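Notes follow once the structure below has been shown.
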Amino acid sequence: MDTELLFEFRRGRARIRVYRRGSGLGEAAGAAGAAIIREAIAARGHARIVVGTGPSQDGTIGALTAAPGIDWSRVEVFHMDEYTGMAAAHPASFRRWLKEHVADVVRPGIVHYMQGDAADVEAECRRYGGLLRAAPVDVTFLGFGENGHIAFNDPGVADFEDAAAVKPVTLDERCRRQQVGEGHFADLASAPPAAITVTCPALVSARHLVCSVPDRRKAEAVRDALEGPLSAACPASLVLRHPECAIFLDAESASLLTSLPGADGPRRKEQPL
């Protein structure tokens, strides 16, 4: 069955679950995120979340917005990146993705959009960073890029000790080729060379991380993050330091893992969830 949980194990401080299909991954990650949001609202009267806005998050965010029992009027939503100079109406805009997949679906109380086409990019980074740091974030929903990036913190610009919450970055070629491969742009020349991104420390400052990483094309990044060293050469490796990190994989994205972390290895699940 698509929702079958194949393995669960720990690596570093993270809890990792491997599902047979991406659909099972998305349902489980969305349910986990929904529980965190409901608990935050019950404890503090509101929730603050950061949402990854890309194809790998479609299943998770679809399950999240369909989850019962969330008072979305009490939820404040951020996203984590936007292309520099891109209008919100562009089909590849992450503001547009957030509006269509979250804001228009569940009508959160507050949605903060990153203005990639702001005349003063540095000022926009300060504005958005100030909003993000105004209070603790309850959960960040994120994926791993094919090059191991989180948000647009590519190897080469990722800084695990970054003092900023949001910064402008130059995108590396592999990142831009991923955007082409996902159908956002016709060719490499069309893919924007620069963006604004939430930084590594700001992403992992949330109380919880829910990482959704489906597809065979992410297998190298998963292997490097889970089995390689903690290094900005694979920015996704940073999530293993977080005390409340859940990583959801499918059989394809887990296909290059060569070791089974933990003293007793993963536990095989013989029954679907």
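The values are calculated or read from the model by the stated rules, or taken from the named source; none is laboratory data. This one's a predicted model, so the numbers in the text were calculated from it and none came from an experiment. Counting neighbours? That spans all protein chains shown, and the Cβs are built from the backbone with ideal geometry, glycine included. Note: areas computed on protein heavy atoms with side chains; ligands, DNA, RNA excluded. Shrake-Rupley method; radii C 1.70, N 1.55, O 1.52, S 1.80 Å.
Only residues in the stretch 9-30 that are β-branched (Val, Ile, Thr) count as the first member; pair them with residues that are in a loop (DSSP other than H, G, I, E, B) and open to solvent by less than 90 Å² (accessible area, probe 1.4 Å), Cβ under 6 angstrom, at least 6 apart or cross-chain, and list the lot.
Qualifying pairs under 6 Å: VAL18/ALA254.
One line per residue, one yes/no per condition, for (1) open to solvent by less than 70 Å² (accessible area, probe 1.4 Å); (2) at pLDDT 95 or above; (3) in contact with a strand residue (DSSP E or B) (Cβ under 7 Å, 6 or more places away or on another chain):
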site: LEU6; (1), (2), (3): yes, no, yes
site: ALA28; (1), (2), (3): yes, yes, yes
site: ALA32; (1), (2), (3): yes, yes, yes
site: ILE37; (1), (2), (3): yes, yes, yes
site: ILE49; (1), (2), (3): yes, yes, yes
site: GLY52; (1), (2), (3): yes, yes, yes
site: PRO55; (1), (2), (3): yes, no, no
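Restricting the first residue to the stretch 229-242 and requiring it to be open to solvent by 30 Å² or more (accessible area, probe 1.4 Å), which pairs with a second residue that is part of a helix (DSSP H, G or I) and not hydroxyl-bearing (Ser, Thr, Tyr) meet a Cβ separation below 6 Å and a spacing of at least six or different chains?
Final answer for the pair search is none.
Looking at the stretch 187-199, is at least one residue in contact (Cβ under 8 Å) with a residue 24 or more places away in the chain, within 30 Å of MET86 (Cα to Cα), open to solvent by less than 10 Å² (accessible area, probe 1.4 Å) and part of a helix (DSSP H, G or I)?
For the stretch 187-199, residues in contact (Cβ under 8 Å) with a residue 24 or more places away in the chain, within 30 Å of MET86 (Cα to Cα), open to solvent by less than 10 Å² (accessible area, probe 1.4 Å) and part of a helix (DSSP H, G or I): absent.
State whether one or more residues within the stretch 121-131 are crowded, with 16+ Cβ neighbours inside 10 Å, small (Gly, Ala, Ser) and either part of a helix (DSSP H, G or I) or at negative phi (or both).
The answer is yes; a qualifying residue exists.
So SER205 ticks every box in (1) among the small types (Gly, Ala, Ser); (2) outside any loop (DSSP other than H, G, I, E, B); (3) open to solvent by 10 Å² or more (accessible area, probe 1.4 Å) but one. Which box is left unticked?
Among (1) among the small types (Gly, Ala, Ser); (2) outside any loop (DSSP other than H, G, I, E, B); (3) open to solvent by 10 Å² or more (accessible area, probe 1.4 Å), the lone unmet condition for SER205 is (2).
Looking at (1) open to solvent by 30 Å² or more (accessible area, probe 1.4 Å); (2) more than 25 Å from GLY24 (Cα to Cα); (3) aliphatic (A, V, I, L, M), which one does ALA66 not meet, given that it meets all the others?
Answer for ALA66: the failing condition is (2).
Which ones in the stretch 147-166 are of a type in the set (A, V, I, L, M), part of a loop (DSSP other than H, G, I, E, B), out of contact with any Lys or Arg (no Cβ under 7 Å at 6 or more places or on another chain) and under 26 Å from PRO55 (Cβ atoms)? Please lay out each step first, then the result.
Filtering the stretch 147-166 down to residues of a type in the set (A, V, I, L, M) leaves 150-151, 157-158, 163-166.
Those left that are additionally part of a loop (DSSP other than H, G, I, E, B): 151, 157-158, 163-165.
Right, trim to out of contact with any Lys or Arg (no Cβ under 7 Å at 6 or more places or on another chain) and you get 151, 157-158, 163-164.
Once the filter is applied, which keeps residues that are of a type in the set (A, V, I, L, M), part of a loop (DSSP other than H, G, I, E, B), out of contact with any Lys or Arg (no Cβ under 7 Å at 6 or more places or on another chain) and under 26 Å from PRO55 (Cβ atoms), the stretch 147-166 yields ALA151, VAL157, ALA158.
Tell me which residues, restricted to the stretch 3-55, are among the hydrophobic types (A, V, I, L, M, F, W, C), over 21 Å from ASP71 (Cβ atoms) and not in a helix (DSSP H, G or I).
LEU5, LEU6, PHE7, PHE9, ALA14, ILE16, VAL18
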